[in-house]
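**Student:** Mind looking over this structure? Questions follow.
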Amino acid sequence: MTAQLRGKSAIVGTGHAGFGEAYGLTSYDVMAQSALAALGDAGLKMTDVDGLFCTMMEDSMPALMAAEYLGIQPRFIDGTMSGGSSFVNYLTSATMALDAGLCDVALIVYGSNQRTASGKLVTASRPPAYEAPYNPRYPISAYAMAAARHMHEYGTTREQLADVAVAARAWARHNPEAFERGPLTREDVLGARMVGDPLTVRDCCLVTDGGGAIVMVRADRARDFPKAPVYVLGSAAASSHRQISQMKDFTVTAARDSGARSFAAAGVSPSDIQAVELYDAFTINTILFLEDLGFCAKGEGGAFVEGGRIAPGGVLPVNTNGGGLSCVHPGMYGIFTVIEAARQIRGDAPGIQLKDIDLALAHGNGGVLSSQVTAILGSQNTL
Amino acid sequence: MQDAKGPDQFFQHALANGEISLPMCEDCGAYHFFPRVLCPHCYGAAISWRQSSGKGRVYTTTVVRRKPEHGGDYNVCMVELDEGVRMMSRVEGIAPGEVAIDMAVTAFVGEAEGVPVVLFKPSEG
Ligand SMILES: [Zn+2]
(Lines give C-alpha, C1' and ligand atoms only; values in the text may rest on other atoms or scores of the structure.)
Protein backbone atom coordinates (compact mmCIF):
# COMPACT_ATOMS: atom_id res chain seq x y z
CA MET A 1 0.00 0.00 0.00
CA THR A 2 0.99 3.60 -0.48
CA ALA A 3 1.30 6.54 1.92
CA GLN A 4 -2.28 7.42 0.91
CA LEU A 5 -3.52 4.45 2.96
CA ARG A 6 -1.20 5.09 5.92
CA GLY A 7 -3.14 4.73 9.14
CA LYS A 8 -6.51 4.21 7.40
CA SER A 9 -7.17 0.91 9.14
CA ALA A 10 -6.54 -0.49 12.59
CA ILE A 11 -6.31 -3.82 14.35
CA VAL A 12 -8.86 -3.83 17.18
CA GLY A 13 -8.78 -7.51 18.10
CA THR A 14 -6.37 -10.42 18.06
CA GLY A 15 -6.86 -14.02 19.09
CA HIS A 16 -5.38 -17.46 18.84
CA ALA A 17 -6.22 -21.06 19.69
CA GLY A 18 -4.84 -24.56 19.77
CA PHE A 19 -1.20 -23.60 20.31
CA GLY A 20 0.99 -26.68 20.55
CA GLU A 21 -1.28 -29.68 20.41
CA ALA A 22 -4.99 -29.45 19.67
CA TYR A 23 -5.96 -33.10 19.99
CA GLY A 24 -9.17 -34.12 18.32
CA LEU A 25 -9.70 -30.83 16.52
CA THR A 26 -9.67 -30.21 12.78
CA SER A 27 -7.87 -27.27 11.19
CA TYR A 28 -11.21 -25.54 10.72
CA ASP A 29 -12.08 -26.06 14.40
CA VAL A 30 -8.86 -24.29 15.37
CA MET A 31 -9.57 -21.57 12.80
CA ALA A 32 -13.03 -20.96 14.28
CA GLN A 33 -11.77 -20.91 17.88
CA SER A 34 -9.21 -18.31 16.84
CA ALA A 35 -11.91 -16.21 15.17
CA LEU A 36 -14.05 -16.30 18.32
CA ALA A 37 -11.07 -15.28 20.46
CA ALA A 38 -10.26 -12.28 18.25
CA LEU A 39 -13.89 -11.15 18.06
CA GLY A 40 -14.15 -11.45 21.84
CA ASP A 41 -11.01 -9.34 22.18
CA ALA A 42 -12.60 -6.69 19.96
CA GLY A 43 -16.00 -6.87 21.65
CA LEU A 44 -17.64 -7.81 18.35
CA LYS A 45 -19.95 -10.61 17.25
CA MET A 46 -19.57 -13.04 14.38
CA THR A 47 -22.51 -11.34 12.67
CA ASP A 48 -20.49 -8.12 12.53
CA VAL A 49 -17.92 -9.72 10.21
CA ASP A 50 -18.54 -8.78 6.58
CA GLY A 51 -15.02 -9.19 5.21
CA LEU A 52 -13.13 -12.50 5.37
CA PHE A 53 -9.42 -12.93 4.64
CA CYS A 54 -8.37 -16.54 4.92
CA THR A 55 -6.43 -19.40 3.45
CA MET A 56 -5.55 -22.82 4.84
CA MET A 57 -3.06 -25.59 4.05
CA GLU A 58 -5.81 -27.89 2.84
CA ASP A 59 -8.56 -27.57 0.20
CA SER A 60 -8.63 -25.54 -2.98
CA MET A 61 -11.32 -23.14 -1.72
CA PRO A 62 -10.39 -22.67 1.95
CA ALA A 63 -11.87 -19.18 2.32
CA LEU A 64 -15.28 -20.51 1.26
CA MET A 65 -14.88 -23.46 3.62
CA ALA A 66 -14.05 -21.06 6.46
CA ALA A 67 -17.00 -18.74 5.74
CA GLU A 68 -19.33 -21.73 5.63
CA TYR A 69 -17.94 -23.14 8.88
CA LEU A 70 -18.24 -19.77 10.65
CA GLY A 71 -21.81 -19.38 9.38
CA ILE A 72 -21.22 -16.03 7.72
CA GLN A 73 -21.82 -14.67 4.24
CA PRO A 74 -19.14 -12.01 3.86
CA ARG A 75 -19.57 -9.36 1.17
CA PHE A 76 -15.82 -9.26 0.61
CA ILE A 77 -13.46 -12.27 0.51
CA ASP A 78 -9.73 -12.47 -0.16
CA GLY A 79 -8.24 -15.95 -0.24
CA THR A 80 -4.98 -15.09 -1.99
CA MET A 81 -2.50 -17.88 -1.28
CA SER A 82 1.12 -16.76 -1.17
CA GLY A 83 2.10 -19.23 1.56
CA GLY A 84 2.85 -18.10 5.09
CA SER A 85 3.04 -14.46 4.01
CA SER A 86 -0.65 -14.49 3.03
CA PHE A 87 -1.85 -13.18 6.37
CA VAL A 88 0.50 -10.20 6.34
CA ASN A 89 -0.58 -9.58 2.75
CA TYR A 90 -4.21 -9.46 3.88
CA LEU A 91 -3.39 -6.31 5.87
CA THR A 92 -3.12 -4.56 2.52
CA SER A 93 -6.29 -5.93 0.97
CA ALA A 94 -8.25 -5.51 4.22
CA THR A 95 -7.14 -1.89 4.47
CA MET A 96 -8.15 -1.29 0.84
CA ALA A 97 -11.51 -3.01 1.29
CA LEU A 98 -12.26 -1.15 4.52
CA ASP A 99 -11.18 2.20 3.07
CA ALA A 100 -13.34 1.66 -0.03
CA GLY A 101 -16.35 0.68 2.06
CA LEU A 102 -16.40 -2.84 0.64
CA CYS A 103 -16.58 -4.15 4.20
CA ASP A 104 -16.76 -2.68 7.70
CA VAL A 105 -15.30 -5.45 9.86
CA ALA A 106 -12.43 -7.48 8.41
CA LEU A 107 -11.53 -10.86 9.89
CA ILE A 108 -8.14 -12.35 9.02
CA VAL A 109 -7.99 -15.94 10.21
CA TYR A 110 -6.00 -19.19 10.01
CA GLY A 111 -5.90 -22.56 11.73
CA SER A 112 -4.02 -25.84 11.47
CA ASN A 113 -3.86 -29.20 13.20
CA GLN A 114 -0.76 -30.38 11.36
CA ARG A 115 1.06 -31.67 14.44
CA THR A 116 -1.63 -33.89 15.89
CA ALA A 117 -2.99 -34.84 12.45
CA SER A 118 0.24 -35.94 10.81
CA GLY A 119 3.28 -34.67 12.70
CA LYS A 120 4.67 -33.01 9.61
CA LEU A 121 4.03 -30.16 7.25
CA VAL A 122 0.71 -30.59 5.49
CA THR A 123 0.48 -29.05 2.06
CA ALA A 124 -1.91 -29.19 -0.86
CA SER A 125 0.78 -28.04 -3.29
CA ARG A 126 2.46 -30.42 -5.74
CA PRO A 127 6.24 -30.68 -5.95
CA PRO A 128 7.58 -28.67 -8.91
CA ALA A 129 8.04 -30.88 -11.99
CA TYR A 130 11.67 -29.93 -12.63
CA GLU A 131 12.66 -30.42 -9.00
CA ALA A 132 10.63 -33.42 -7.85
CA PRO A 133 12.83 -36.14 -9.41
CA TYR A 134 15.76 -35.05 -7.22
CA ASN A 135 13.74 -35.55 -4.05
CA PRO A 136 14.49 -32.31 -2.25
CA ARG A 137 12.88 -32.31 1.19
CA TYR A 138 10.44 -29.43 1.21
CA PRO A 139 10.89 -26.84 2.41
CA ILE A 140 14.16 -27.45 4.26
CA SER A 141 16.36 -28.30 1.25
CA ALA A 142 15.62 -24.88 -0.26
CA TYR A 143 16.51 -23.00 2.93
CA ALA A 144 19.57 -25.19 3.50
CA MET A 145 20.88 -24.25 0.07
CA ALA A 146 20.25 -20.56 0.78
CA ALA A 147 22.16 -20.91 4.06
CA ALA A 148 25.04 -22.72 2.34
CA ARG A 149 25.34 -19.98 -0.26
CA HIS A 150 25.21 -17.23 2.39
CA MET A 151 27.96 -18.98 4.33
CA HIS A 152 30.01 -19.28 1.14
CA GLU A 153 29.64 -15.66 0.05
CA TYR A 154 29.76 -13.88 3.40
CA GLY A 155 31.49 -16.20 5.81
CA THR A 156 28.35 -16.64 7.88
CA THR A 157 28.91 -19.45 10.37
CA ARG A 158 26.84 -22.28 11.77
CA GLU A 159 27.42 -20.70 15.19
CA GLN A 160 25.74 -17.51 14.01
CA LEU A 161 22.80 -19.49 12.61
CA ALA A 162 22.57 -21.30 15.94
CA ASP A 163 22.48 -17.99 17.81
CA VAL A 164 19.22 -17.14 16.02
CA ALA A 165 17.61 -20.24 17.50
CA VAL A 166 19.13 -19.55 20.92
CA ALA A 167 17.75 -15.98 20.91
CA ALA A 168 14.30 -17.18 19.87
CA ARG A 169 14.29 -19.67 22.74
CA ALA A 170 15.45 -17.03 25.20
CA TRP A 171 12.35 -14.97 24.34
CA ALA A 172 10.10 -18.06 24.38
CA ARG A 173 11.26 -19.01 27.88
CA HIS A 174 9.35 -15.99 29.19
CA ASN A 175 6.24 -16.67 27.10
CA PRO A 176 3.71 -19.01 28.69
CA GLU A 177 2.04 -19.44 25.28
CA ALA A 178 5.25 -20.78 23.68
CA PHE A 179 5.47 -24.48 22.88
CA GLU A 180 9.22 -24.96 23.50
CA ARG A 181 10.40 -23.28 26.68
CA GLY A 182 13.32 -25.39 27.85
CA PRO A 183 16.87 -24.06 27.87
CA LEU A 184 18.75 -24.09 24.55
CA THR A 185 22.43 -23.35 24.00
CA ARG A 186 24.49 -22.81 20.88
CA GLU A 187 26.07 -26.23 21.52
CA ASP A 188 22.61 -27.82 21.68
CA VAL A 189 21.78 -26.43 18.25
CA LEU A 190 25.10 -27.38 16.68
CA GLY A 191 24.99 -30.86 18.18
CA ALA A 192 21.40 -31.59 17.21
CA ARG A 193 20.53 -34.03 14.44
CA MET A 194 21.57 -32.73 11.02
CA VAL A 195 18.52 -32.63 8.73
CA GLY A 196 19.75 -30.81 5.64
CA ASP A 197 23.30 -29.51 5.76
CA PRO A 198 24.10 -26.99 7.17
CA LEU A 199 20.83 -26.98 9.18
CA THR A 200 20.13 -29.16 12.19
CA VAL A 201 16.67 -29.89 13.53
CA ARG A 202 17.13 -26.94 15.93
CA ASP A 203 17.69 -24.60 12.98
CA CYS A 204 14.16 -25.54 11.86
CA CYS A 205 10.81 -24.19 12.95
CA LEU A 206 8.53 -26.21 15.16
CA VAL A 207 5.71 -28.37 13.83
CA THR A 208 2.73 -27.48 16.01
CA ASP A 209 -1.01 -27.00 15.82
CA GLY A 210 -2.46 -23.55 16.20
CA GLY A 211 -4.50 -20.76 14.75
CA GLY A 212 -4.63 -17.00 14.82
CA ALA A 213 -7.08 -14.25 13.99
CA ILE A 214 -7.09 -10.48 13.60
CA VAL A 215 -10.05 -8.09 13.50
CA MET A 216 -9.67 -4.82 11.61
CA VAL A 217 -11.87 -1.75 11.16
CA ARG A 218 -11.55 1.68 9.56
CA ALA A 219 -9.41 4.08 11.58
CA ASP A 220 -12.27 6.53 12.16
CA ARG A 221 -14.02 4.11 14.52
CA ALA A 222 -10.93 2.33 15.85
CA ARG A 223 -11.05 4.09 19.23
CA ASP A 224 -14.51 2.73 20.04
CA PHE A 225 -13.23 -0.74 21.03
CA PRO A 226 -12.03 -2.17 24.34
CA LYS A 227 -8.36 -2.47 23.35
CA ALA A 228 -6.03 0.28 22.15
CA PRO A 229 -6.07 0.35 18.33
CA VAL A 230 -2.98 -0.66 16.39
CA TYR A 231 -2.77 1.15 13.06
CA VAL A 232 -1.46 -0.25 9.79
CA LEU A 233 1.03 2.40 8.71
CA GLY A 234 2.52 0.50 5.81
CA SER A 235 2.31 -2.88 4.14
CA ALA A 236 3.85 -4.06 0.90
CA ALA A 237 4.43 -7.32 -0.93
CA ALA A 238 7.06 -8.54 -3.37
CA SER A 239 7.54 -11.94 -4.94
CA SER A 240 10.53 -13.27 -6.81
CA HIS A 241 9.81 -16.91 -7.70
CA ARG A 242 7.87 -19.99 -6.68
CA GLN A 243 10.41 -22.80 -7.11
CA ILE A 244 13.73 -22.39 -5.33
CA SER A 245 15.60 -23.22 -8.55
CA GLN A 246 14.20 -19.98 -10.02
CA MET A 247 15.52 -17.72 -7.23
CA LYS A 248 18.11 -15.48 -8.86
CA ASP A 249 20.42 -14.81 -5.91
CA PHE A 250 19.99 -17.17 -2.97
CA THR A 251 21.36 -14.56 -0.58
CA VAL A 252 18.96 -11.72 -1.47
CA THR A 253 15.20 -11.95 -0.96
CA ALA A 254 12.36 -9.82 -2.26
CA ALA A 255 12.10 -8.46 1.31
CA ARG A 256 14.46 -5.74 0.09
CA ASP A 257 11.64 -4.48 -2.13
CA SER A 258 8.69 -5.15 0.19
CA GLY A 259 10.55 -3.55 3.08
CA ALA A 260 11.54 -0.43 1.15
CA ARG A 261 7.96 0.17 0.00
CA SER A 262 6.47 -0.52 3.41
CA PHE A 263 8.89 1.87 5.10
CA ALA A 264 8.15 4.50 2.43
CA ALA A 265 4.40 4.18 2.98
CA ALA A 266 4.82 4.44 6.75
CA GLY A 267 7.31 7.28 6.51
CA VAL A 268 9.72 5.65 8.95
CA SER A 269 13.07 3.88 8.70
CA PRO A 270 14.52 0.71 10.25
CA SER A 271 16.19 2.66 13.05
CA ASP A 272 12.72 3.83 14.21
CA ILE A 273 11.42 0.27 14.68
CA GLN A 274 11.25 -0.87 18.31
CA ALA A 275 10.19 -4.51 17.85
CA VAL A 276 10.81 -6.76 14.86
CA GLU A 277 8.69 -9.85 14.22
CA LEU A 278 10.05 -11.97 11.36
CA TYR A 279 8.88 -15.23 9.84
CA ASP A 280 11.71 -17.48 11.07
CA ALA A 281 10.91 -20.79 9.40
CA PHE A 282 14.65 -21.53 9.58
CA THR A 283 17.50 -19.71 11.28
CA ILE A 284 18.81 -18.38 7.94
CA ASN A 285 15.50 -16.49 7.46
CA THR A 286 16.13 -14.14 10.36
CA ILE A 287 19.58 -13.27 9.03
CA LEU A 288 18.35 -12.74 5.46
CA PHE A 289 15.40 -10.58 6.50
CA LEU A 290 17.38 -8.40 8.92
CA GLU A 291 19.74 -7.66 6.02
CA ASP A 292 17.10 -7.22 3.33
CA LEU A 293 14.84 -5.03 5.49
CA GLY A 294 17.77 -2.72 6.20
CA PHE A 295 18.56 -3.45 9.84
CA CYS A 296 22.11 -4.26 8.76
CA ALA A 297 24.09 -4.43 5.52
CA LYS A 298 24.04 -7.44 3.19
CA GLY A 299 26.43 -10.06 4.49
CA GLU A 300 26.49 -8.65 8.02
CA GLY A 301 23.43 -10.51 9.29
CA GLY A 302 25.53 -13.24 10.88
CA ALA A 303 27.50 -10.78 12.99
CA PHE A 304 24.30 -8.83 13.71
CA VAL A 305 22.63 -11.77 15.46
CA GLU A 306 25.71 -13.16 17.17
CA GLY A 307 25.99 -13.60 20.91
CA GLY A 308 22.54 -12.55 22.04
CA ARG A 309 22.28 -9.28 20.11
CA ILE A 310 18.68 -10.07 19.12
CA ALA A 311 17.85 -11.87 22.40
CA PRO A 312 16.23 -10.22 25.44
CA GLY A 313 18.51 -7.39 26.60
CA GLY A 314 20.23 -7.22 23.19
CA VAL A 315 20.46 -4.34 20.74
CA LEU A 316 17.27 -5.12 18.78
CA PRO A 317 14.26 -7.12 20.01
CA VAL A 318 13.55 -9.73 17.32
CA ASN A 319 10.77 -12.35 17.52
CA THR A 320 9.76 -11.40 21.02
CA ASN A 321 7.26 -14.27 21.34
CA GLY A 322 9.86 -16.91 20.49
CA GLY A 323 8.97 -17.02 16.80
CA GLY A 324 8.29 -20.05 14.66
CA LEU A 325 11.45 -21.58 16.06
CA SER A 326 10.21 -21.79 19.64
CA CYS A 327 6.68 -20.39 20.08
CA VAL A 328 4.35 -21.82 17.46
CA HIS A 329 4.52 -22.95 13.83
CA PRO A 330 1.32 -24.48 12.48
CA GLY A 331 2.33 -24.76 8.81
CA MET A 332 1.97 -21.05 8.12
CA TYR A 333 3.29 -18.65 10.75
CA GLY A 334 2.77 -15.23 9.11
CA ILE A 335 -0.30 -14.19 11.10
CA PHE A 336 1.59 -14.55 14.38
CA THR A 337 4.16 -11.92 13.36
CA VAL A 338 1.28 -9.43 13.12
CA ILE A 339 -0.38 -10.59 16.34
CA GLU A 340 2.83 -10.30 18.37
CA ALA A 341 3.66 -6.89 16.86
CA ALA A 342 0.15 -5.66 17.69
CA ARG A 343 0.29 -6.98 21.24
CA GLN A 344 3.67 -5.35 21.86
CA ILE A 345 2.17 -2.02 20.78
CA ARG A 346 -1.02 -2.53 22.84
CA GLY A 347 1.04 -3.52 25.86
CA ASP A 348 -0.40 -7.01 26.39
CA ALA A 349 2.30 -9.26 24.97
CA PRO A 350 2.15 -12.74 26.53
CA GLY A 351 5.89 -12.99 27.23
CA ILE A 352 8.34 -10.17 27.68
CA GLN A 353 6.42 -6.91 27.22
CA LEU A 354 8.80 -4.26 25.91
CA LYS A 355 8.39 -0.72 27.25
CA ASP A 356 6.53 2.00 25.34
CA ILE A 357 6.38 0.36 21.94
CA ASP A 358 4.92 2.70 19.30
CA LEU A 359 6.37 1.15 16.14
CA ALA A 360 6.76 -2.53 15.28
CA LEU A 361 7.46 -4.44 12.11
CA ALA A 362 5.87 -7.73 11.03
CA HIS A 363 7.37 -9.64 8.13
CA GLY A 364 5.85 -12.65 6.40
CA ASN A 365 7.60 -15.15 4.16
CA GLY A 366 5.85 -17.55 1.81
CA GLY A 367 6.87 -20.56 -0.24
CA VAL A 368 10.63 -21.05 -0.38
CA LEU A 369 11.75 -17.44 0.19
CA SER A 370 9.30 -16.76 -2.67
CA SER A 371 6.83 -14.21 -1.33
CA GLN A 372 7.84 -11.45 1.06
CA VAL A 373 5.39 -9.11 2.78
CA THR A 374 6.37 -6.39 5.22
CA ALA A 375 3.97 -4.49 7.47
CA ILE A 376 4.65 -1.61 9.82
CA LEU A 377 2.25 -1.13 12.69
CA GLY A 378 1.96 1.83 15.00
CA SER A 379 0.21 3.15 18.08
CA GLN A 380 -2.09 6.20 18.25
CA ASN A 381 1.06 8.29 18.82
CA THR A 382 2.37 7.48 15.33
CA LEU A 383 -0.61 8.87 13.41
CA MET B 1 10.31 -35.93 -31.92
CA GLN B 2 7.27 -35.22 -34.07
CA ASP B 3 4.99 -36.08 -31.18
CA ALA B 4 6.50 -33.42 -28.94
CA LYS B 5 4.17 -30.43 -29.01
CA GLY B 6 4.87 -28.29 -25.96
CA PRO B 7 8.22 -27.20 -24.48
CA ASP B 8 8.04 -29.61 -21.57
CA GLN B 9 7.27 -32.50 -23.93
CA PHE B 10 10.16 -31.48 -26.19
CA PHE B 11 12.64 -31.40 -23.30
CA GLN B 12 11.46 -34.73 -21.92
CA HIS B 13 11.53 -36.43 -25.34
CA ALA B 14 15.09 -35.24 -25.89
CA LEU B 15 16.09 -36.55 -22.45
CA ALA B 16 14.52 -39.91 -23.26
CA ASN B 17 16.80 -39.95 -26.34
CA GLY B 18 19.83 -39.20 -24.17
CA GLU B 19 20.12 -35.55 -25.17
CA ILE B 20 20.10 -32.43 -22.97
CA SER B 21 18.41 -29.73 -25.02
CA LEU B 22 17.98 -26.20 -23.70
CA PRO B 23 15.46 -23.62 -24.88
CA MET B 24 17.01 -20.47 -26.34
CA CYS B 25 15.25 -17.25 -27.33
CA GLU B 26 15.72 -16.29 -30.97
CA ASP B 27 14.98 -12.64 -30.20
CA CYS B 28 17.44 -11.91 -27.38
CA GLY B 29 19.69 -14.97 -27.60
CA ALA B 30 19.34 -15.86 -23.91
CA TYR B 31 18.72 -19.35 -22.62
CA HIS B 32 16.12 -20.14 -20.01
CA PHE B 33 15.13 -23.08 -17.84
CA PHE B 34 12.58 -24.53 -17.11
CA PRO B 35 11.23 -24.79 -20.67
CA ARG B 36 8.29 -22.53 -21.52
CA VAL B 37 6.49 -20.99 -24.48
CA LEU B 38 7.95 -17.53 -23.97
CA CYS B 39 11.31 -16.08 -23.08
CA PRO B 40 11.20 -14.85 -19.46
CA HIS B 41 13.88 -12.24 -20.28
CA CYS B 42 12.31 -10.42 -23.27
CA TYR B 43 8.95 -12.23 -23.57
CA GLY B 44 9.63 -13.23 -27.17
CA ALA B 45 7.79 -16.35 -28.28
CA ALA B 46 10.30 -17.62 -30.86
CA ILE B 47 12.11 -20.35 -28.96
CA SER B 48 14.60 -22.77 -30.49
CA TRP B 49 16.45 -25.68 -28.95
CA ARG B 50 20.20 -26.10 -28.56
CA GLN B 51 22.18 -29.02 -27.28
CA SER B 52 23.72 -28.11 -23.92
CA SER B 53 27.48 -28.05 -23.45
CA GLY B 54 26.80 -29.96 -20.26
CA LYS B 55 29.44 -27.88 -18.50
CA GLY B 56 28.55 -26.12 -15.31
CA ARG B 57 29.38 -25.21 -11.73
CA VAL B 58 27.68 -25.95 -8.44
CA TYR B 59 25.91 -22.76 -7.25
CA THR B 60 24.84 -24.21 -3.91
CA THR B 61 24.37 -27.61 -2.35
CA THR B 62 22.89 -29.55 0.55
CA VAL B 63 22.88 -33.07 1.89
CA VAL B 64 19.46 -34.51 2.55
CA ARG B 65 19.93 -36.65 5.63
CA ARG B 66 18.11 -39.95 5.43
CA LYS B 67 18.30 -43.10 7.52
CA PRO B 68 20.51 -45.84 6.04
CA GLU B 69 17.59 -48.25 5.98
CA HIS B 70 15.74 -45.80 3.71
CA GLY B 71 18.67 -45.45 1.34
CA GLY B 72 21.03 -43.12 3.20
CA ASP B 73 22.07 -39.50 2.65
CA TYR B 74 21.95 -37.94 -0.79
CA ASN B 75 22.90 -34.74 -2.53
CA VAL B 76 20.58 -32.01 -3.81
CA CYS B 77 22.18 -29.02 -5.48
CA MET B 78 21.79 -26.18 -7.91
CA VAL B 79 23.99 -26.22 -10.99
CA GLU B 80 24.64 -23.21 -13.20
CA LEU B 81 25.31 -24.31 -16.75
CA ASP B 82 27.70 -22.37 -18.98
CA GLU B 83 24.63 -21.38 -21.02
CA GLY B 84 23.58 -19.23 -18.04
CA VAL B 85 20.69 -21.30 -16.74
CA ARG B 86 20.36 -22.92 -13.35
CA MET B 87 18.71 -26.23 -12.54
CA MET B 88 18.16 -28.38 -9.51
CA SER B 89 20.12 -31.63 -9.76
CA ARG B 90 22.37 -34.10 -8.00
CA VAL B 91 26.10 -34.66 -8.31
CA GLU B 92 26.93 -38.35 -8.41
CA GLY B 93 30.18 -40.26 -8.13
CA ILE B 94 31.30 -38.58 -4.90
CA ALA B 95 29.95 -38.56 -1.36
CA PRO B 96 27.01 -36.13 -1.01
CA GLY B 97 28.92 -34.06 1.54
CA GLU B 98 31.89 -33.70 -0.83
CA VAL B 99 29.86 -31.71 -3.34
CA ALA B 100 31.10 -28.13 -2.98
CA ILE B 101 30.03 -24.70 -4.19
CA ASP B 102 31.93 -23.64 -7.35
CA MET B 103 32.88 -27.25 -8.15
CA ALA B 104 33.09 -27.81 -11.93
CA VAL B 105 30.63 -30.48 -13.03
CA THR B 106 29.56 -32.20 -16.24
CA ALA B 107 26.03 -33.23 -17.09
CA PHE B 108 24.82 -36.66 -18.11
CA VAL B 109 21.41 -38.20 -18.61
CA GLY B 110 20.62 -40.56 -15.79
CA GLU B 111 17.51 -41.83 -14.12
CA ALA B 112 15.68 -40.81 -10.95
CA GLU B 113 12.27 -41.86 -9.71
CA GLY B 114 11.96 -43.99 -12.85
CA VAL B 115 12.29 -41.10 -15.32
CA PRO B 116 15.27 -39.79 -17.31
CA VAL B 117 16.80 -36.74 -15.63
CA VAL B 118 19.84 -34.48 -15.90
CA LEU B 119 22.49 -35.51 -13.36
CA PHE B 120 26.06 -34.30 -12.92
CA LYS B 121 29.46 -35.71 -12.10
CA PRO B 122 32.63 -33.86 -11.14
CA SER B 123 34.47 -32.63 -14.25
CA GLU B 124 37.78 -34.29 -14.97
CA GLY B 125 41.07 -32.41 -14.89
ZN1 LIG C 1 14.38 -13.33 -25.12
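The values are calculated or read from the model by the stated rules, or taken from the named source; none is laboratory data. This is a predicted model, so every value here is computed, not measured. Note that we place each Cβ from the backbone using ideal geometry, even for glycine, and neighbour counts take in every protein chain shown. Accessible surface areas use protein heavy atoms only, side chains included; no ligands, DNA or RNA. Shrake-Rupley method; radii C 1.70, N 1.55, O 1.52, S 1.80 Å.
**Student:** Step by step: first the residues of the range B:33-55, then only those that are within 14 Å of chain A (Cβ to nearest Cβ) and over 15 Å from B:VAL118 (Cβ atoms), then the one that is farthest from the ligand (Cβ to nearest atom). Which residue is that? Talk me through it step by step, then tell me what you get.
**Tutor:** Keep residues of the range B:33-55 that are within 14 Å of chain A (Cβ to nearest Cβ), which gives B:33-36, B:40-41.
Of the ones still in play, those that are also over 15 Å from B:VAL118 (Cβ atoms) are B:36, B:40-41.
Numbers: B:ARG36: 11, B:PRO40: 8, B:HIS41: 4 Å.
Residue satisfying both the conditions and the ranking: B:ARG36.
**Student:** Also: If we scan the range B:62-80, do we find a residue that is within 14 Å of the ligand (Cβ to nearest atom), out of contact with any Ser or Thr (no Cβ under 7 Å at 6 or more places or on another chain) and of a type outside the set (Val, Ile, Thr)?
**Tutor:** Kept after step one, since they are within 14 Å of the ligand (Cβ to nearest atom), are these residues of the range B:62-80: none.
Within the range B:62-80, not a single residue is within 14 Å of the ligand (Cβ to nearest atom), out of contact with any Ser or Thr (no Cβ under 7 Å at 6 or more places or on another chain) and of a type outside the set (Val, Ile, Thr).
**Student:** Okay, moving on. For the range A:1-81, give me every one of the strands (runs of 3 or more DSSP E) that falls completely inside it and has 3 or more residues that are in the same structural domain as A:ALA106 (by TED's automatic domain parsing) and over 19 Å from A:PHE336 (Cα atoms). Please lay out each step first, then the result.
**Tutor:** Values: elements: A:9-20, A:51-54, A:76-78.
Qualifying strands (runs of 3 or more DSSP E): none found.
**Student:** Hey, can you tell me all the residues within the range B:1-59 that are touching an Asp or Glu at 6+ places or on another chain (Cβ under 9 Å) and among the β-branched types (Val, Ile, Thr)?
**Tutor:** B:ILE47, B:VAL58, listed by residue number.
**Student:** Within the range B:56-94, which residues are open to solvent by less than 60 Å² (accessible area, probe 1.4 Å), facing chain A (nearest Cβ under 7 Å) and not in a strand (DSSP E or B)?
**Tutor:** Within the range B:56-94, B:ARG90 is the sole residue that qualifies.
**Student:** Here is a list of conditions, (1) within 11 Å of chain B (Cβ to nearest Cβ); (2) not in a strand (DSSP E or B), and A:VAL195 meets all of them except one; can you say which number that is?
**Tutor:** Single failed check for A:VAL195: (2).
**Student:** Go over the candidates A:GLY347, A:GLY307, A:GLY314 one by one and state the one that is open to solvent by 20 Å² or more (accessible area, probe 1.4 Å), more than 20 Å from A:ASP249 (Cα to Cα) and out of contact with any helix residue (DSSP H, G or I) (no Cβ under 8 Å at 6 or more places or on another chain). Give the derivation first.
**Tutor:** On the way: A:GLY307 fails: out of contact with any helix residue (DSSP H, G or I) (no Cβ under 8 Å at 6 or more places or on another chain); A:GLY314 fails: out of contact with any helix residue (DSSP H, G or I) (no Cβ under 8 Å at 6 or more places or on another chain).
None of the others qualify; the one that does is A:GLY347.
**Student:** What's the total number of residues in the range A:24-36 that are surrounded by 18 or more Cβ atoms within 10 Å (Cβ to Cβ) and closer than 24 Å to A:ALA10 by Cβ?
**Tutor:** So the answer is 5.
**Student:** Inside the range A:165-183, can you point out the residues that are farther than 18 Å from A:GLY314 by Cβ and open to solvent by 40 Å² or more (accessible area, probe 1.4 Å)?
**Tutor:** Residues satisfying the conditions are A:PRO176, A:GLU177, A:PHE179, A:GLU180, A:ARG181.
**Student:** Something else now. Going by the conditions given, is A:GLY182 more than 23 Å from B:ASP73 (Cβ to Cβ) and free of Cβ contacts under 8 Å to residues at least 60 places away in the same chain? Break it down stepwise before answering.
**Tutor:** Working: more than 23 Å from B:ASP73 (Cβ to Cβ): yes; free of Cβ contacts under 8 Å to residues at least 60 places away in the same chain: yes.
Considered against the rule, which asks whether it is more than 23 Å from B:ASP73 (Cβ to Cβ) and free of Cβ contacts under 8 Å to residues at least 60 places away in the same chain, A:GLY182 comes out as yes.
**Student:** Can you tell which of B:PRO23, B:PRO7 is within 19 Å of B:PRO116 (Cα to Cα), more than 9 Å from chain A (Cβ to nearest Cβ) and within 13 Å of the ligand (Cβ to nearest atom)?
**Tutor:** Numbers: B:PRO7 fails: within 13 Å of the ligand (Cβ to nearest atom).
On inspection, the qualifying residue turns out to be B:PRO23.
**Student:** Related question: Give, as residue ranges, the helices (runs of 4 or more DSSP H) completely inside the range A:96-189 that count at least 3 residues that are at pLDDT 95 or above and in contact with a strand residue (DSSP E or B) (Cβ under 9 Å, 6 or more places away or on another chain). Reasoning before the result, please.
**Tutor:** Working: elements: A:114-117, A:140-154, A:158-172.
Fully inside the range A:96-189 and qualifying: A:140-154, A:158-172.
**Student:** Are any of the residues in the range B:98-116 among the acidic types (Asp, Glu), at the interface with chain A (Cβ under 10 Å from one of its Cβ atoms) and out of contact with any strand residue (DSSP E or B) (no Cβ under 9 Å at 6 or more places or on another chain)?
**Tutor:** Restricting attention to the range B:98-116, the residues satisfying the condition of being among the acidic types (Asp, Glu) are B:98, B:102, B:111, B:113.
After this cut, where a residue has to be at the interface with chain A (Cβ under 10 Å from one of its Cβ atoms) as well, the list is B:102, B:111, B:113.
Still in the running and out of contact with any strand residue (DSSP E or B) (no Cβ under 9 Å at 6 or more places or on another chain): B:113.
So far as the range B:98-116 goes, yes, one or more of its residues are among the acidic types (Asp, Glu), at the interface with chain A (Cβ under 10 Å from one of its Cβ atoms) and out of contact with any strand residue (DSSP E or B) (no Cβ under 9 Å at 6 or more places or on another chain).
**Student:** Let me ask something else. Could you list, in sequence order, the residues of the range A:252-275 that are of a type in the set (Ser, Thr, Tyr) and open to solvent by 20 Å² or more (accessible area, probe 1.4 Å)? So that I can check it myself, show each step before the final result.
**Tutor:** Pass one, the range A:252-275, residues of a type in the set (Ser, Thr, Tyr): A:253, A:258, A:262, A:269, A:271.
Those that are of a type in the set (Ser, Thr, Tyr) and open to solvent by 20 Å² or more (accessible area, probe 1.4 Å): A:SER269, A:SER271.
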